[in-house]
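As structure tokens, the structure follows; a few thoughts come after it.
The values are calculated or read from the model by the stated rules, or taken from the named source; none is laboratory data. Treat the numbers as computed from the prediction; the structure is a model and nothing was measured. In this analysis, Cβ positions are derived from the backbone assuming ideal geometry, glycine residues included, and neighbour counts consider all displayed protein chains. The accessibility values were calculated without ligands, DNA or RNA, using every heavy atom of the protein model including side chains. Shrake-Rupley method; radii C 1.70, N 1.55, O 1.52, S 1.80 Å.
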Amino acid sequence: MPPKRKAEASETKTKKAKKAVSTEEEATSDSPPAKASSNGTDFTSEAKNKDGKSWNLKISSWNVNGIRAWLKNNGIGYIGQEKPDVFCVQETKCGKEKIPKECENLDGYHSYFNSADKEGYAGTALFSKAKPLNVKYGIGIEKHDDEGRAITAEYDKYYVVTSYVPNSGKGLVRLNYRTREWDKDLLNYLKDLDSKKPVIWCGDLNIAHKPIDLANPKSNYNKTSGYTQAEIDEFSKVLESGFVDSFRHLYPEEKGAYSFWTYMGNARGKNVGWRLDYFVISERLVPNLCDNVIRSKVMGSDHCPIVLMLAM
């Protein structure tokens, strides 16, 4: 069982604020990343599963809002503190030929990158201590895969899928594409993997699933990307298809647990945020679940890292 605690994201009380802007492609393109800092985060954990078995697999996920800027701000120092077995990254914003050598040759890790065809846009990466049995880039559908939004790593007992789910955009211009095409095709992809081995799906999923998952649900509902009924319904279908939101499974009533804050209006200082980053796991991995932690004190992006611990 996870140790009794208040989620790190809850340490700053939420204050009333005007409508919080939703996700990164709308809110942060002109904003510099904060200098990376752990702000006294305790990276140790004695979490156990329900059977009392300690975790032995740690996976971290972080939307870094540009891997080159993240690297310049010592974001890579986080990896040395967290020491994840697998580190998943979203929004690298970096073409294949421009991936920093420090990331390509990260000590102790095998590294994999899936860049968008468009320079400076989207992109994902995965770093793994153990070499995966197989790595797949994208989900096998051409109309989705030119934006570098997914990487799948296969291991002996499970798959790790990291994805940067498309933002529906300002004015919801990509809502139909996101909900009628991407979401449906990705779910079919996850279900196919799940028929073979359990799946750990993580990343910036660009969805606040419940009112508890964002600071201002009323003012954003059906107006802002990441909190429309169409997006909520599609994510619900994932959870109705044999998958579990691991954080809400452990902490169903925890408020103020956010992973994204716009740079505007001191949103992070006021904890006016959104929980957009998730670890969604196959139902049969629930007995292995030890903890899911939101590292809200860790700076370096408009998102913070999230961490999953399993006893495998």
Residue check: is ILE207 touching a residue at least 60 places away in the same chain (Cβ under 8 Å), touching a Gly at 6+ places or on another chain (Cβ under 7 Å) and not hydroxyl-bearing (Ser, Thr, Tyr)? yes
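Condition check: in contact with a strand residue (DSSP E or B) (Cβ under 6 Å, 6 or more places away or on another chain), open to solvent by 20 Å² or more (accessible area, probe 1.4 Å) and part of a loop (DSSP other than H, G, I, E, B). Does LYS131 satisfy that?
Against the criterion (in contact with a strand residue (DSSP E or B) (Cβ under 6 Å, 6 or more places away or on another chain), open to solvent by 20 Å² or more (accessible area, probe 1.4 Å) and part of a loop (DSSP other than H, G, I, E, B)), LYS131 qualifies.
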Criterion first (closer than 20 Å to LEU193 by Cα, touching a residue at least 24 places away in the same chain (Cβ under 8 Å) and touching an Asp or Glu at 6+ places or on another chain (Cβ under 6 Å)) does ILE151 satisfy it? no
What are the residues in the stretch 193-241 that are open to solvent by 40 Å² or more (accessible area, probe 1.4 Å) and hydroxyl-bearing (Ser, Thr, Tyr), if any? SER195, SER219, TYR221
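Return yes when LYS184 is open to solvent by 40 Å² or more (accessible area, probe 1.4 Å), at pLDDT 95 or above and not in a helix (DSSP H, G or I) and no when it is not.
no
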I'd like to know if the stretch 106-114 contains one or more residues that are under 15 Å from TRP70 (Cβ atoms), of a type outside the set (Val, Ile, Thr), assigned to a strand (DSSP E or B) and open to solvent by 10 Å² or more (accessible area, probe 1.4 Å). yes
Per the filter on the stretch 48-75, residues crowded, with 22+ Cβ neighbours inside 10 Å and among the aromatic types (Phe, Trp, Tyr) are TRP62, TRP70
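The rows are residues; the columns are (1) touching a residue at least 12 places away in the same chain (Cβ under 8 Å); (2) in contact with a strand residue (DSSP E or B) (Cβ under 9 Å, 6 or more places away or on another chain).
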{"site": "LYS83", "(1), (2)": "yes, yes"}
{"site": "GLN90", "(1), (2)": "yes, yes"}
{"site": "GLU97", "(1), (2)": "no, no"}
{"site": "CYS103", "(1), (2)": "yes, yes"}
{"site": "TYR109", "(1), (2)": "yes, yes"}
{"site": "PHE113", "(1), (2)": "yes, yes"}
{"site": "ASP117", "(1), (2)": "yes, no"}
{"site": "GLY120", "(1), (2)": "yes, no"}
List the residue pairs whose Cβ atoms are under 6 Å apart, where the first residue sits in the stretch 43-72 and is within 28 Å of ARG149 (Cβ to Cβ), the second is among the aliphatic types (A, V, I, L, M) and not in a strand (DSSP E or B), and the two are 6 or more positions apart or on different chains. LEU57/MET312; TRP70/VAL64
I want to confirm something. Restricting to the stretch 244-301 and keeping residues that are among the β-branched types (Val, Ile, Thr) and within 12 Å of the chain's Cα centre (by Cα), which single residue is surrounded by the fewest Cβ atoms within 10 Å (Cβ to Cβ)? VAL280
